[in-house]
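What follows is a short report on a single structure.
The values are calculated or read from the model by the stated rules, or taken from the named source; none is laboratory data. Since we're looking at a predicted model, the values are computed, not measured. Every residue, glycine as well, gets a Cβ built from its backbone with ideal geometry; the counts of neighbours run over all protein chains shown.
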Amino acid sequence: MTKFSLDEYRPAVDRYDECKAGDGTMRPSWETFAKHIETLGINGMSERTSTIDQLLSEHGTTFMFEDAEGSQNRPWNLSAVPLIIDSSAWAKLESGLAQRTRLLEAVLKDLLGRQRLIKERIIPAEILAANPMFQRAYHNLPSLGGIRLHITATDIARASDGSWWVVSDRTRAPSGLGYLLENRIITSRVFPHLVRQGSTRRLAKFFESLRNHLRSLAPEMRDNPRVALLTRGEDSYRGFEDAYLARYLGLTLVQGTDLAIRGGQLNLKTLGGLLPIEVLWRHVSDRKCDPLELGETSREGVSGLLRSVRGGHVAVANAIGSVMAQTPALMPFLAGANEFLFSEKLTLPSVATYWCGGATELNFVLANLETLSVRNAFGENSAPPIIASELSIEARKELVAAIKRKPFNYVAQEKLLHSTTPVWKDNHWQPWHVALRCFQLQTNRGVEVLPGAMARLSPTENQLGRSGTSGQLTQDVWVASDQPVDNETTLLPSPDATIVLKRSGDELPSRVAEHLFWLGRYAERGESIARLLRSTLIRLASENELDALPEVPRLIAALAAIGQIEPDYAIAPLEVAMPKLEDILPASVLDVSQPRGLQSTIRSVVHNASIVRDRLSIDAYRIIQHAEADLNAPLAERTIGRLIERMNGLIGDLLAFAGVISESFTRTHAWQFLEIGRRIERAYQTAELLSATLVPVGEGERAICEAVLETSDSLMTYRSRYLNLVQVAPTLDLLVTDESNPRSIRYQLDEIARVFEQLPNGKRVVGLGVDEKIAFDMLHHLRMADPNVLSNSGDSDRRVQLNRLLEHILDGLPELSNAIAARYLIHTGTTQSLTGVSPTVSLLHSKEAK
C-alpha cells in the first residue's frame, strides 16, 4: 500500500504553489501539518472529510447561489486541508492590506467631500458623474467617529512569481466573514491539536475588536448599547452568515420592516413597543437603506435613516455611500491617489486594470481583448467577469459593439494566474487554484487585519470570480506564527463584569413573532399529517381485506379533507375509477409539488426555522435539518413498508423538536407565539380528523374510534381509563372536552387563553381584544359541551351536535389566526396562506413561507 503523505502531492508546473517550492521541497510552514496527516492515513483523512460534511449539514451551513435556473440554496463545501501561510509572508501582506484600507477611506472621504482628487485630475470626473451607484444624498453625509469604512474585504490572488495582487475591493458590506468563522470552527473540530496547540494565529481577537468597535460607535456611549445587524432577510444570499454573525457577536438581527424612525431616533419595533438602536451594521445595499431619499421601492431599509444619521442619532457601519470605494473603475487610479494623498507607493498593487473611458485604454482593450476579462465599470462586483477568449465569434462582436457604444461603462483586467494549493479529492492529491478574501477592521486606533482569510478553490481558474461564494470548495487559512499565540481571548464576557439581571421578553420584533408562530403551525401540521398517513398506511399494509376495515374509508376521507389525496377517493362511486391507493399514496407523500402536501409542509418548517435560527438552539435547528434530510433521502423502493418507516422517523424528529422547544425555550414572547401557533394548528387538525371520521354514523365504530385515538396519540390514555371498551362518547370526551389531555381541542384552547394573559396588551380600551373574544367564545362552547350529547345521533346518519360544535371550531380558528395577525403582526408583509391556495379561501389566513 502506498504511503499516505503530502510528498505524493505534485503541484502544477507553471503556477506558484502554496505548499511546495519550485524545486519540489515542502515549505516550512506546512511541515507540522504534513507530519500529522501521515499518522492519519487515507482512512483517517477520509474520516475527517466525512466529519466536516456532517458538521456542515448539522449546522445548516448553506449559501444562495445564482445560476441559469435562478436562486439555489446550496450546501457549503469545506476542504479538510487548510491553506497555510508563514508569518513573514503574512506580515508583508498584512501591511499592504492596512495601507490599502487607509487609502480607500481617504479616497471615499474625498469623493464624498472636497473632491480634490477630481479637481487635480487624479481620478476622472466621469467615474463619479457617470456612476449610477452615486447618489447626491451621500455627499457630506456625516460619519460618527470620522470613519466610513469600518469593515472591508480585499480579494487577492498570487501570481506565478509569488507576489500578491488585488483583484477587487469590497467596501459596502463585504460577505464571507461568517463563513470564514464557520470554516475555522469546523476545522478546529477535526484538527483540534494542530489549531489549538500549534502556532496558528487565532481569530477570536479580531471578532472581539469588531464587537467592541461597533459598541464604541454608539452616539450616547451607553454601557450596553443595542447594536443591530440589518439583513435583507430570507431571500438574501448571505442569510446564513447574517444569522451566524448575529448569534456569535451577540447582535440583534433585524430586517427593514422591524425598524422605525421616531423623533429622528432609529427604533426596533417590538411587541412591547419601540426600543432605540444605537448602532446599525448594515448588510443591505446603500441605495436600499432609505426608501425616502434613495431607492423608493426598497423594503430592505427604513424611511428616514439618512435624516437620523445626519442628526447624529445612529451610527451606521459601513457608512451609507461606501459602495463608491469599491467601484471597479477606481482601481487604475488608486496608485496615483495614494502618492497624491500620502506621498508613498502602494505595496499591494491592483491587478492591471483598464478603464475604457480613456481613449488610450479603450484602444488597448479592444486590441488585446483575447487576453483580458471584462466587467461593468460601476457594478458592485457581484457579476462574474466576461472572459472574451471563451465567447463565440458573434458574442465577441456584440461585446466589442457594447464597449464602443458606452466605453466608460466597462473595465478590463489582466487575467491573473492564480496560485495552487493541495486538495484531497477522490482519495488522491490534486492542485486546485486558490483566491483569498481578506478582512480588515478600521478603528480610531488604526487598521486591524484578520489573521487569516476565506480561501475559495476551483480546479479551473475562470470559476474564481469576485463573488464570495464562487468556486467549488473553500479552505480555512492558517497563518503560522513564529511567536506565542493568544489562547486567552474569548468573546465570552469577563467573569468579573457587572451584569444587570433581567428577564427578556418584550423586545421581540413582530416579524420574528410571525415566523415563530408559523414555525409552530407548520411543525404541528407536519406531525398531524404524518400520524394520519401512518395510521392509513399501516392498514393498507395489513393482511386484512380493506373492505373488512371500516375505519379505512374514514381515514381516507380525513386525508382528502387536509389535501393529501384527491377528494374523489373519499366518494365511493368515484373511488373505483381512481388508481389503487396503495399505489398512489407513496408517490403522493413524496411529491414536492403538492401545495398542501407533507413535503411542502416540512419545507415550510425549515424555511421559518432558518429565518429565526438565531432564536433557536443549535440542537433544535439540527433536528429540523435532520427531519427534512431524512424525509427526502433516496428510497430504494417506494413500498408502503418503507414509507411507514419514514413516517416513524419524521414523527420522532418532530416530537424531539417539540421536546427541545418545551424544555429549552425560555418563556418569553418568542416561545408564546410559537406555542400559540402549535395550539391553533393541533386544534384545527384534530377538529378536521373528527369531522371526517366521527360525525358520520355507521358500522364498525369501535375500529373507527381506535384509529382516531391512534392517529391522535391518545390510544394509550384511553385504554388506561376504559381498558378495551371502546365507544364514541368517551372518545369524544378525550379528544374534544378533556381539559387534561394535551391532545384534546379543549386543552389547546385552554393553553391559548393562558398564553394570552402573558402577551403585551399595550394601550387599548377596557375589555377583551378581538382575538381574546374569539378564543374565549370557542372555549365556552367546549366547556358547555356534553360528550354524551355529542355522540348521540338520534335517527340521523350524522352526529348533528358534534358537527355543529366542530364547524364552530373550524370557523373560529381561522378568525382567531387573523385576529392575532391583525393585533400583533399586521405590519410584517404580504398575505400568504398555510394551504398555498388563494387567501380568500385559505384554511387559515396569514403568512405563507416562500
field: Filter result for residue 806 (modelled with pLDDT of 90 or more and crowded, with 16+ Cβ neighbours inside 10 Å)
entry: yes
field: Residue pairs meeting the criteria (Cβ under 6 Å; at least 6 apart or on separate chains; first within 18 Å of residue 648 (Cβ to Cβ) and in the same structural domain as residue 531 (by TED's automatic domain parsing), in the stretch 702-719; second of a type in the set (Gly, Ala, Ser) and surrounded by 19 or more Cβ atoms within 10 Å (Cβ to Cβ))
entry: 707/535; 710/535; 711/535
message: I'd like to check something: does the stretch 143-162 contain any residue that is among the small types (Gly, Ala, Ser), buried (at least 18 other Cβ atoms within 10 Å of the Cβ) and in a strand (DSSP E or B)?
response: yes
query: Any residue in the stretch 119-133 that is within 30 Å of the chain's Cα centre (by Cα) and among the polar types (S, T, N, Q)?
result: no
- prompt: In the stretch 1-48, which residue that is among the basic types (Lys, Arg) and in a loop (DSSP other than H, G, I, E, B) is surrounded by the fewest Cβ atoms within 10 Å (Cβ to Cβ)?
  reply: 3
field: Scan of the stretch 696-715 for residues that are among the acidic types (Asp, Glu) and farther than 12 Å from residue 539 by Cβ, ordered by number
entry: 699, 701, 713
- prompt: If residue 297 passes every condition in (1) of a type outside the set (Gly, Ala, Ser); (2) crowded, with 16+ Cβ neighbours inside 10 Å; (3) touching a Pro at 6+ places or on another chain (Cβ under 8 Å) but one, which one does it miss?
  reply: (2)
message: Residues to consider are 207, 191; find the one that is surrounded by 21 or more Cβ atoms within 10 Å (Cβ to Cβ), within 30 Å of residue 37 (Cα to Cα) and among the aromatic types (Phe, Trp, Tyr).
response: 191
query: List pairs: first in the stretch 530-547 and more than 15 Å from residue 651 (Cα to Cα), second surrounded by fewer than 13 Cβ atoms within 10 Å (Cβ to Cβ) and of a type in the set (Gly, Ala, Ser), Cβ under 8 Å, 6+ apart or cross-chain?
result: 541/641
message: I'd like to verify a number: residues in the stretch 715-742 that are outside any helix (DSSP H, G or I), crowded, with 18+ Cβ neighbours inside 10 Å and modelled with pLDDT of 95 or more, how many?
response: 2
task: Out of the residues in the stretch 622-639 that are surrounded by 13 or more Cβ atoms within 10 Å (Cβ to Cβ) and part of a loop (DSSP other than H, G, I, E, B), state the one that is nearest to the chain's Cα centre (by Cα).
output: 632
task: Select from the stretch 615-652 the residues that are within 27 Å of residue 667 (Cα to Cα) and of a type in the set (Gly, Ala, Ser) and list them in ascending order.
output: 617, 620, 627, 652
field: So residue 642, is it under 15 Å from the mean Cα position of the chain (by Cα), part of a helix (DSSP H, G or I) and at pLDDT 85 or above
entry: no
